[in-house]
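Undergrad: Have a look at this one.
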Amino acid sequence: MKLFNSILAVIYREFKLTFRNSYDILSILIFFILGILIFVFSIGPNKELLSQLSIGIVWTLLILATNLTFKKFYQEDLNDGNIYLLHISGISYEIIVIIKLFCLWIFFQLPFLIMIPVAFLLFGNNFENIYLVMEIFIISSLILTTLASISGAMNLLNNKNIALGSSIIMIFSIPIIIFSVSAINSSVELIQPQINILLGILFLFLAITPWISAFCIKIAISNK
Amino acid sequence: MKFFLNPSEFNRISNLLVKPLFILSFLTLTLGLIFALYLSPDDYQQGSTVRIMYVHVPSAWLALLTFMIMTIYSIIGLTFKTPFSFIVNSAIAPIGATFTFICLITGSLWGKPMWGTWWVWDARLTSVAVLFILYILIIFFKKSFHNIEVGEKITAIFIILGSINLPIIKFSVDWWNTLHQPASISKLSSPSIHLSMMIPLIIMTLAFTMIGLLIGIIRIKSEIAQRKQRI
């Protein structure tokens, strides 16, 4: 029960810290809209072409927006020593990682659920398969959050190479973008197998992320 | 067994190994090139371009083998805390990158006359390109941390994560309908390649393995020497 209470306290702290500067979330949403505009300007206002490319563009921007958030995971907590304080107060690093995954998925990935209909509107798609798109979005955004957690934990002590963290996220998100975009664009009988593959990737990453991230955090703390 | 894990033991035995390996790799490469360029027959469809295979296939095998060795050493290094495995990782990553690069270049040189294009976004080609990027990232990884021990450990974790790509490369030709042909030589069935082409291929593979081993040993020795100097 004590553990449960302390977990709730950590979650409460995360929410409080994030809503104190909630413009952070809003500016990521603005980044998403701006990205759509940039794609429209670079491709041209051809409606048919845009609605063909729309799902790929949305998923590309999702990965780019994930790249912006990976420093949010553990960097500040490591710099002011909070992560070590949480650890000595009885919460293991693995549980901290799981709490962070849950909170940062709500803060930085779930708001895009509102943006997907807006993107559909901007690209002139028909709204027939929007529920399918949202379902696949929830699965793939969870995978992207786990990737951002791994990358954020790996780059805690890296202050020489800016692009490395984004490269880690991008190189492991190749299968996600392949299967989620082709699941939306393919014929009806091919949708379920690809969702199953995505779910398989999700459970693999949910299983390995806590201990990989915790291992990297331990290395960072012992060498800081 | 100590040869694989202990730097001083490695230095002692590799001093004995360098000269024989040099002679062997020279001999096998000469023999293999004579077989590949003069004695092996032309393909009835591909003509003389089939000879690209004798460079392409061995370098692809060695690119995969190098990554596998790095994965095994990373697991050993993280579990038993042996510093030698991190030395091996940082020494042989450029060799693997070079073999992957040779594989990609010869593949696209072979693809132009046969498929009519330098590059297709086919499963096998894309996954090998991802392998190349993984190698490049591994080389960069070590340089981006101030503390070298942290960089080594995190590189090892990244190598273990990246080894997901190896089975994807191996089975990509079976899982998806690709332009790239499936494997001609496998353990379970008799090879679908004629003996007159298989003999040069095997000799060239031996030669490439010898060259890779030789360069690997020299690089590991120089890495050990560099680290001794730094301490």
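The values are calculated or read from the model by the stated rules, or taken from the named source; none is laboratory data. Please read these numbers as outputs of a predicted model, since none were measured by experiment. Ideal geometry is used to build each Cβ from the backbone, glycine not excepted, and the neighbour counts take in all protein chains shown. The accessibility values were calculated without ligands, DNA or RNA, using every heavy atom of the protein model including side chains. Shrake-Rupley method; radii C 1.70, N 1.55, O 1.52, S 1.80 Å.
Undergrad: Leaving out ligands and nucleic acids, and using a 1.4 Å probe, what accessible area per residue does chain A come to in Å²?
TA: I get 48 Å² per residue for this part.
Undergrad: While we're on this one: Roughly speaking, what is the stretch gain from A:I178 to A:Y84, that is 0.36 nm per residue apart minus the C-alpha to C-alpha distance, in nm to one decimal?
TA: Stretched out fully, the A:I178 to A:Y84 stretch lengthens by 30.0 nm.
Undergrad: Moving to a separate point now. Can you give me the C-alpha center-to-center distance between region A:70-115 and region B:1-59, rounded to a whole angstrom?
TA: Each part reduced to its Cα centre gives a spacing of 50 Å.
Undergrad: Further question on the same structure: Tell me: how much accessible area in total is hidden between B and A, 1.4 Å probe, Å², nearest 100?
TA: It comes to approximately 1900 Å² buried between B and A.
Undergrad: Relative to the present Cα-Cα distance, how much length would full extension add between B:T79 and B:I231 at 0.36 nm per residue of separation?
TA: This chain segment gains 52.3 nm when fully extended.
Undergrad: I would also like to ask the following. Taking H as built 1.01 Å from N, whose amide H comes closer than 5 Å to the amide H of B:D43, not counting residues under 5 places away?
TA: Amide H neighbours of B:D43: B:V50.
Undergrad: Viscosity 1.306 mPa s, temperature 10 °C: give me the Stokes-Einstein translational D for chain B in µm²/s, with Rh taken as the Kirkwood radius over C-alpha pairs.
TA: It diffuses with D of about 83 µm²/s by this estimate.
Undergrad: Can you give the Rg to Rh ratio for region A:2-222, taking only C-alpha atoms and Rh from Kirkwood?
TA: 0.99
Undergrad: Enter the angle in degrees (range 0 to 90, nearest 10) between the Cα long axis of helix B:7-34 and the first principal axis of the Cα atoms of chain B, meaning the one along which they spread out most.
TA: 10
Undergrad: For chain B, what is the accessible area per residue in Å² when the probe is 1.4 Å?
TA: I get 54 Å² per residue for chain B.
Undergrad: Moving to a separate point now. For region A:17-92, list log₁₀ I(q)/I(0) at each q in 0.17, 0.19, 0.23 Å⁻¹, using the Debye formula over Cα point scatterers of equal strength and ignoring solvent, two decimals each.
TA: After summing over all Cα pairs, the log10 values are -0.77, -0.86, -1.05.
Undergrad: Can you tell me the length gained on complete extension of the stretch A:D24 to A:M1, counting 0.36 nm per residue apart and subtracting the Cα distance?
TA: 4.9 nm
Undergrad: Then there's this: Modelling each spin label as a point 7 Å along the Cα-to-Cβ direction, I'd like the B:I72/B:W121 distance in nm, to one decimal.
TA: Between B:I72 and B:W121, the label points sit 3.7 nm apart.
Undergrad: Considering only protein heavy atoms and a probe of 1.4 Å, how much of the accessible area of chain B is carbon and sulfur, as a whole percent?
TA: 72
Undergrad: Separation between the A:W211 and B:Q181 pseudo-spin-labels, each 7 Å from Cα along Cα→Cβ, expressed in nm?
TA: 4.3
Undergrad: Which percent of the Cα-Cα distances in the protein assembly as shown go past 28 Å?
TA: Considering the protein assembly as shown, 60 percent of its Cα-Cα pairs are separated by more than 28 Å.
Undergrad: Given a 1.4 Å probe, show me the residues in region A:165-200 buried by at least 10 Å² of accessible surface when comparing the whole protein assembly to the chain alone.
TA: A:S167, A:I168, A:I171, A:F172, A:I174, A:F179
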